[in-house]
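Comments concern the structure below.
The values are calculated or read from the model by the stated rules, or taken from the named source; none is laboratory data. Since we're looking at a predicted model, the values are computed, not measured. Here the Cβ positions follow ideal geometry from the backbone for every residue, glycine too, while neighbour counts run over all protein chains shown.
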Amino acid sequence: MPEITLDQLKKELKKDKIDKEMFKNFYQQFIDEKKEFLETLYAALEKSAKEKEVADEIEKIFQKVICIEYLLDELKKEEIENKEKFNWKFKIFYNKIKQQKYDFQKYLEWAYEKSGRDKEIGNILAETAGRNASDLIESLKRLGYAVQKSLGEDFEKAGFRLLEQVRAGKRSDVMYGITRIFLANKQNLPDILNEAFKPYYSDEIFKCFMFTFISSAIKPKENNKEE
């Protein structure tokens, strides 16, 4: 089959009747070239394993290009030739779609504001944000434990007040209190916390976010045992 170019497709669009087979063949051609490119990228990744900066850059490109058809080809093979390589490809694809979920949510937020807060886009945004909420809760829990050592005592002192504000749904007060703790310790407010305060999350989801983070960030009291 002769190679189809983009210029040919553009010329086809100018005709009264479009040859759909040409577009189907171009899609298959595109997918085949993409698969070949991915294999070449993986070979380059293996060759540059000892050069971390180069390997990291190639992995980023691989993550952007990898597609579901490529994984399907892997599954159709009778045997897994290299289990480590096989697992790595699926892990990379998982990381890609996970990142795309959050990117799509950001674009929806932008579209919502740009459309004058269109109701239909707002509904899609709310649904998308709700689906992403469970992942965000886990990330907030990990963040809470991560800051416990440096900020745990501050969160312990402010914990009761913050939790009362959370229960009352006072988002701006809670954000101010948490931001103040970070800034007082010369730390910027993490992006993930900024995300948790976005207005498209319902009050109930917001409360789950904050209860999870604050309870994880509070430094546990040491039990004084009498000898």
Scan Glu78, Glu59 and give me the residue that is touching a helix residue (DSSP H, G or I) at 6+ places or on another chain (Cβ under 7 Å), without any contact (Cβ under 8 Å) to a residue 40 or more places away in the chain and among the acidic types (Asp, Glu). Glu59
Only one of (1) loosely packed, with under 15 Cβ neighbours inside 10 Å; (2) in contact with a Lys or Arg (Cβ under 8 Å, 6 or more places away or on another chain) is not met by Tyr42, so which one is it? (1)
Every residue in the stretch 1-35 that is acidic (Asp, Glu) and surrounded by 11 or more Cβ atoms within 10 Å (Cβ to Cβ), please. Glu12, Asp19, Asp32, Glu33
Can you tell me which residue in the stretch 104-146 is surrounded by the most Cβ atoms within 10 Å (Cβ to Cβ), limited to those that are touching a helix residue (DSSP H, G or I) at 6+ places or on another chain (Cβ under 6 Å) and polar (S, T, N, Q)? Gln105
Among (1) touching a residue at least 60 places away in the same chain (Cβ under 8 Å); (2) of a type outside the set (Val, Ile, Thr); (3) within 30 Å of Tyr107 (Cβ to Cβ), the one test that Asn188 misses: (1)
Scan the helices (runs of 4 or more DSSP H) fully inside the stretch 1-100 and keep the ones with 3 or more residues being of a type in the set (Ser, Thr, Tyr) and over 30 Å from Ala129 (Cα atoms). 20-47
Within the stretch 117-175, track down each residue that is under 20 Å from Glu204 (Cβ atoms) and of a type in the set (Lys, Arg). Arg131, Lys141, Arg167, Lys170, Arg171
Residues (within 25 Å of Lys98 (Cα to Cα) and surrounded by 13 or more Cβ atoms within 10 Å (Cβ to Cβ)) located in the stretch 45-65: Leu45, Val54, Ala55, Glu57, Ile58, Glu59, Ile61, Phe62, Gln63, Val65
I'd like the residue in the stretch 86-103 that is at pLDDT 90 or above and of a type in the set (D, E, K, R) and, out of all such residues, is surrounded by the fewest Cβ atoms within 10 Å (Cβ to Cβ). Lys91
Taking Lys141, is it of a type outside the set (Asp, Glu), more than 26 Å from the chain's Cα centre (by Cα) and closer than 30 Å to Pro220 by Cα? no
